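Participant: After the structure tokens below, expect a handful of questions from me.
Just so it is clear, none of the values below were taken in a lab; they were calculated from the coordinates. What you see is a predicted model; the values in this text were computed from it and never measured. Heads up, the Cβs are rebuilt from the backbone with ideal geometry, glycines too, and the neighbour counts pull from every protein chain shown.
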């Protein structure tokens, strides 16, 4: 049961976190969003970069959920500890990769 909660819970958090960024509901601030000196300097930079970050988080959520589902279905009958470690690693990996497009976007502006 814990594998299912972890495997689905973290991607849901990624997805829910990305939606307000995509919809431009988050104004420039120091707590939430893709924050760099450049994005905080101008709303004209903040909104496009954070839209990219939101799409990245939502894509990472989808890919992590699919990967977690595969891990649980293939290895869920065995010991939980290695499976939960793989779930954590691959979910974190997708989360890190999700930040590459906004980083690239802010460098191009």
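Participant: Full-extension gain between residue 103 and residue 40, please, as 0.36 nm times their residue separation minus the C-alpha to C-alpha distance.
Facilitator: 21.3 nm
Participant: Give the angle, between 0 and 90 degrees and rounded to the nearest 10, that separates the Cα long axis of helix 2-22 from the longest principal axis of the Cα atoms of the chain.
Facilitator: Rounded to the nearest ten degrees, it is 10.
Participant: Can I ask one more? Express in whole angstrom the spacing between the alpha-carbon centres of the stretch 74-88 and the stretch 1-64.
Facilitator: What the calculation gives is 27 Å, centre to centre.
Participant: By how many degrees, 0 to 90 and rounded to 10, does the Cα axis of helix 80-98 deviate from the longest principal axis of the chain?
Facilitator: Approximately 20 degrees, to the nearest ten.
Participant: Can you give me the angle between helix 43-75 and the longest principal axis of the chain, using Cα atoms only, in degrees from 0 to 90, rounded to the nearest 10?
Facilitator: 10
Participant: Same structure, new question: Stokes-Einstein diffusion coefficient for the chain at 37 °C in a medium of 0.692 mPa s, Rh from the Kirkwood formula over Cα pairs: what value in µm²/s?
Facilitator: 226
Participant: Suppose the chain between residue 30 and residue 92 were pulled fully straight at 0.36 nm per residue; how much longer would it get relative to their current alpha carbon spacing?
Facilitator: 20.1 nm
Participant: In addition: If neighbour count is taken as other Cβ atoms inside 10 Å, put 32, 47 in order from fewest to most.
Facilitator: Result, fewest neighbours first: 32, 47.
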